[in-house]
Structure formats: structure tokens, C-alpha cells
Amino acid sequence: MRFVFYTHSVVSDWNHGNAHFQRGIMRELIARGHHAFALEPADGWSRSNLMTEQGSFAIERFRKDFPELVPVTYDASFNHEAWFADADVVIVHEWTDADIVARIGRAKLNGGNFTLLFHDTHHRAVSAAQWISALSLEYYDGVLVFGEALRESYLRAGWGGRVFTWHEAADERLFKPSPDVDRESDLVWVGNWGDDERSAEIQEFLVEPARALSLSGTVHGVRYPAQARAALADAGLNFQGWLANADVPKVFAQHRVTVHIPRRPYREQLAGIPTIRMFEALACGIPLISAPWPDVEGLFRPGQDFLCARDGAEMRQRLREVLNDAGLAKALAAAGLETIFVRHTCRHRVNELFDILAACGNRSAIDSTTAKEAAA
């Protein structure tokens, strides 16, 4: 089958974690013998910022790390319709410009012989509902959302005829344990600055515990203001800026523990949606402690796959326990890894995608699903 993905960027993950999951899904499809292409705007903010900060090195890194992926950039003169002509599936991410979202919908209306899905992996449906409500989704076959709470928001608002929960997951080809790497430091946090969405939480659940426990550690991410970098340094944490996603498994392996600090909308308005780093960290076998986050969908086994901390004081306690109890750390790592590889890899999500495509009437997906059931 031929898949066309409209992405904000597949080349750049600068402040753009959605690229992680999209890359993993395309890599899984390609490994199964399908064709997958990623279309992205030539002037997208993630790609532009990455080029400004890292130069052409970042593009070369992408090509080296993900040689099987085929990114295609577009501008105002781009012939989008030529890409629809022989596509079986077109998946349009919610960072795509509204005019293009509508244009693709019109192509479907005018006889496009492809299954058309809209893919939402952000909180704007609740934090900027006017933006989503203005999109023309009436000709889309379905909407993919990365959590049940977001699905309910779409259904209440009447956006899209059919809405499917399709969680993010770890790319198991990339995220896996590195047992030969020495754990050189205590704490690692890989995450971007959250502005008002989690700046206070980063202070409470990362900076202050590290300072209080005199931990060694590393922080990777972008958009950290000067005062935030100063606070990290004062706590003894080494800020190292942007990190290519392909390097994250090694960085996790070099540390003894990590933390999960969700943005406030995912804790309050869209409960049950973890950051993709949670999937990726557990896939790498590093013990994880989460700031308050309700796992209302039962994605994991709290207390077994990871530990929870209700406040900064409890985060200090949990960090101390994991760092001082090798048996606890080993058990957490093993349990989290088990849950990821049983339930939350891009392999699982591609299987789910084919079930969704079949439900939308895609003939090739129906045939594939039927063949899979017959073989079972």
C-alpha cells in the first residue's frame, strides 16, 4: 500500500515530539513492504529553528539516522493532487495549514480513491478549540487522536464523523536497552521548556529535587530561557540543549533514573495522555518517576512500571529510593520494558491502524485484516 503522511516535519524534532511517532509508524510500514512518504512545509517552524540552531548538520543527521524515510518539502506552488493520485491512505497531521487540510478534503470529495484521516496529537482541541473547529473535516473518513479524552472532545464538538483513539508509542527499532553503556550519572530529563504549561512543574519535580539530593544529571531540550538554564546550573544539572532523537537511547543508558513531567493540559483537561518520552524511556529500560499524572486509560501499571510522586517532597523520596535500591531500580526497568513491548510499540500501532482503515472501508486493509485473522 502507498501511504502519504502530511507532517509538520519528519526531518526536524526541534520542539516537535510528534515527529518521533510519525517516523516510527513510517519505518514500521516500510519494514512491512509498504510505501510511506512524508510531506512537510519547506518553511515550517520546527525545521526552520533546527536549521538556525544546528545548521545543515541536523539534516545530515536525519538522513544518516533514518535512511529509509522519504521527506518531501512543499511550498505554495506544490502539486498536492499529484501525490493523491495513486495513494491508498493519506494521513494529515493537525499542525498542517488549514487551507491544505481543506484542499485535501476537497480532493477526497471529488473522487479521491484513498482513505483520508486527520491525526491530532496536541491539546489545541481544548486549549484553542476555535482553531480545530475552523478546520474542514467533513470529507475525512476518520480522525485519529492520541487519547480517549481527546476523542471525547471531538465527539462532543461534532468534529469528524468517526473518531478513533490511537495512542502514540515507542519505535522499538530505535528505543531499546543499551546494557553495554555505563550509567555515569544520576538523573536525566529529556524535554522542552513548557512556558506556562509546565515551567513550575519542572522547578518542583526536577530542579528542586536534584538540588536537595545533590544529584548529578543532564537536561536536554530547547527553548529554555536564561533564568531556567541558570536554575538548572544552580541545581548541579548540566544543560546540553537539543538532542537528536536517535541519540536519546544512549543518553538514557548513561543515567540511572528519569522523570515524566506532563504539560498541564494533559494532566487536567486531557487526562490519561502521557508524553511520548514516557513510552520511549520505558522502552529503553530506565527507571521512571512521574509527576502527578492520572493513567485513566490503564496504559501502564503505576507503581510497577513506574513510580508516582504527588509533589516535590515525594519526588525527592522516590528518587532517593530508586538511586539507593538497585533491586527496585531493576524491577521498575524490567516491568516498564515488558509493558512497552507487550502493548506500546509502533508495531502495535500499525496493527491498530490497519484495523481502523478496515473500519473505514479501505479494501486493501480489509483484505490484510482478513488474511491475518485466517492465519491466526
Taking the Cα centre as origin and putting +1 on Lys and Arg beta-carbons and -1 on Asp and Glu beta-carbons, what dipole magnitude results for the stretch 219-334, to the nearest 20 debye? 200 debye
Percent relative contact order of the stretch 110-212, based on C-alpha pairs within less than 8 angstrom and at least six residues apart? 20 percent
Check Phe118: other-chain or 5+ apart residues with amide H under 5 Å from its amide H, H built from backbone geometry? Val92, Gly142, Val143, Leu144
With a ≥ b ≥ c taken as the square roots of the eigenvalues of the C-alpha gyration tensor of the stretch 54-142, please select rounded if a/c is under 1.5 and otherwise prolate if a/b is larger than b/c or oblate if it is not? oblate
Mind checking which of Val248, Val259, Val296 has the largest fluctuation in a GNM of the chain, springs on alpha carbons under 10 Å? Val296
Accessible area, probe 1.4 Å, largest first, for residues Asp234, Asp367: Asp234, Asp367
Ordered by residue, what ³J(HN,Hα) values in Hz, to whole numbers, does the stretch 244-249 give under the Karplus form 6.51 cos²θ - 1.76 cosθ + 1.60, where θ = phi - 60° and Gly and Pro are x? 4, 4, 5, 8, 4, x
Among Ala42, Ala82, Ala271, whose mean-square fluctuation peaks in a Gaussian network model of the chain (Cα, cutoff 10 Å)? Ala82
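Mind checking the stretch 168-249 for GluC sites (Glu not before Pro) that DSSP puts in a loop (not H, G, I, E or B) and that have at most 16 other Cβ atoms within 10 Å?
Sites meeting the loop and neighbour criteria: Glu184.
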Show me, for the stretch 85-92, the HN-Hα J-couplings you get by feeding each phi into the Karplus relation (A = 6.51, B = -1.76, C = 1.60, θ = phi - 60°), rounded to Hz, glycine and proline as x. 3, 10, 7, 8, 9, 10, 10, 10
Calculate the FRET efficiency for Val342 and Ser216 from the Cβ-Cβ distance with a Förster distance of 41 Å, rounded to the nearest 0.05. 0.80
Roll a 1.4 Å probe over the protein heavy atoms and report the accessible area of Ile202 in Å², nearest 10. 0 Å²
Using only C-alpha positions, report the orientation-averaged shadow area of the convex hull of the stretch 213-294, nm², one decimal. 6.0 nm²
Go ahead and estimate [θ] at 222 nm for the chain from helices alone: -39,500 (n - 2.57) per DSSP H run with n ≥ 4, summed, over the residue count, rounded to 500. -12500 deg cm²/dmol
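How about the stretch 166-265: which trypsin sites (Lys or Arg not before Pro) there are in a DSSP loop, with at most 16 other Cβ atoms within 10 Å of their Cβ? Could the numbers behind the result be given before it?
On the way: sites: Arg173, Arg183, Arg198, Arg211, Arg223, Arg229, Lys250, Arg256, Arg263; in loops: Arg173, Arg183, Arg198, Arg223, Arg263.
In loop regions of the stretch 166-265 (DSSP not H, G, I, E or B), the sparsely surrounded trypsin sites (Lys or Arg not before Pro) are Arg173, Arg183, Arg223.
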In order through the stretch 177-190: 3J(HN,Hα) via Karplus (6.51 cos²θ - 1.76 cosθ + 1.60), integer Hz, x for Gly, Pro: x, 10, x, 8, 8, 6, 7, 8, 9, 7, 10, 10, 10, 10
Amide H neighbours of Asn238 under 5 Å, counting only residues 5+ apart in sequence or on other chains, H built in-plane at 1.01 Å? Gly217, Thr218, Val219
From the square roots a ≥ b ≥ c of the eigenvalues of the alpha-carbon gyration tensor of the stretch 30-75, which class results: rounded (a/c under 1.5), prolate (a/b over b/c), or oblate? oblate
Reachable aspartates and glutamates from Lys330, Cα under 19 Å, same-chain residues fewer than 8 places away excluded? Asp180, Asp182, Glu184, Asp186, Glu280, Asp305, Glu321, Glu338
Percent of beta bridges antiparallel (DSSP, the chain, rounded to nearest 5): 0 percent
Are there GluC sites (Glu not before Pro) in the stretch 61-135 that DSSP puts in a loop and that have at most 15 other Cβ atoms within 10 Å, and which ones? Glu68
Heavy atoms only, probe 1.4 Å: what % of the accessible area of the chain goes to carbon and sulfur, would you let me know? 48 percent
Does the chain come out rounded, prolate or oblate, given a ≥ b ≥ c as the square roots of the eigenvalues of its C-alpha gyration tensor, rounded meaning a/c under 1.5 and, failing that, prolate meaning a/b above b/c? prolate
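The values are calculated or read from the model by the stated rules, or taken from the named source; none is laboratory data. Note that the structure is predicted; figures quoted are calculated from it, not measured. As a convention, Cβ positions derive from the backbone with ideal geometry for all residues, glycine included, and neighbour counts pool all protein chains shown. Please note that ligands, DNA and RNA were not included when accessible areas were found on the heavy atoms of the full protein model with its side chains. Shrake-Rupley method; radii C 1.70, N 1.55, O 1.52, S 1.80 Å.
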